[in-house]
1. Using the Cα atoms of the range 54-108, I'd like the radius of gyration and the largest Cα-Cα distance, Dmax, both in angstrom.
2. Rank the residues F68, F247 as a footprinting-exposure proxy: fewest other Cβ atoms within 10 Å of their Cβ go first.
3. With a point put 7 Å past each Cα toward its Cβ, work out how far E269 is from I119 in nm, to one decimal.
4. Can you sort K250, K267 by how many other beta carbons sit within 10 Å, fewest first?
5. To the nearest 20 debye, what charge dipole does the range 57-272 have about its Cα centre, counting +1 at the Cβ of each Lys and Arg and -1 at the Cβ of each Asp and Glu?
Amino acid sequence: MGMARIAAAGLVFLGLSLISGGAEAQSKPFKQARFPCGAGIAQNYTGGFQKAAFSLADVPAGHLRVQFVGHSTFLVRSPGGVKVITDYNDNYRADVVPDIATMNIQRGNHSAYDIQPGITHLLRGWSTDGGVQRHDVTLRDVRVYNLPTNLENFGSGLTNFSSMFIVQSSGLCVAHMGHLAHLLDKEQFYRIGRIDVLLVPVDGRVTLSYEELVRNIKGISPRVVVPMHFNVFATLDEFLVQAERQFKIKRIKGDTIQVSKTSLPEKTEIWLMAPGEHGFGGPGGPPL
């Protein structure tokens, strides 16, 4: 009988321990998993990650092609033929009409007044009604969504003035940092998700300081970082002085990269691409 009481007491103690342990676990910060491009899914065209001959017309299955048009404008092409242009504007134009066009902020080189016909989704990254702008669209094998940034509260609720845009296709994720002007927090890192190619502004003044930019890069932890948003190479050089202490730097010939899971580096690298033939303003060029 005494042994039965001891056993019963032991079970009660074990139960209390499990309950208290659960409460303690719930009180601890929960480390969230970093899903590819957040939690959403776009159709994945399969077919392996083989390296194929470079073709201007077709993107092989399992790949994405990223072309630096100029300043902060990039053309991303998918295997399904979808064309996404970031920072669609009046000054830097690709030689194709995009299916999806993003504009991160309402200013000069980052938004357009002259909108070409035929664009399926035109996504503005700033609030147009005093709220917070949100987008999440899917077209064939491409998903594009935004992370509202540079939020302000004027007493009547939050509003945002720019956005990061994330492009997902073929299991790959490309993020355009836009005019981000603040450090990202854990919740924002989670919403951004796992990123393969990160396009970052390296002006050092209009957006983030170089120290802040490096901290955000480390928080996102992409496989490849592509510098953008510079009018003169002096600002790029300033960024590289800071970045080369922590990341490997690779110089790319031309204005285009084609990436797949197998071609990406294991650790974060900076890949320098020169903008296209007409994509560099130079001293006295259009403002940032």
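Taken together, the values in this text are just the output of simple stated rules run on the coordinates, not laboratory data. None of the values given here were measured: they were computed from a predicted structure. Using ideal geometry, Cβ is built from the backbone for each residue, glycine included, and neighbour counts are taken over all protein chains shown.
1. 11.5, 36
2. F247, F68
3. Each label point lies 7 Å from its Cα, and together they span 3.3 nm.
4. On the way: K250 13, K267 8.
In increasing order of surrounding Cβ atoms, one gets K267, K250.
5. On the way: 23 positive and 22 negative charges, 120 e Å.
With only Lys, Arg, Asp and Glu charged at Cβ, the dipole is about 580 debye.
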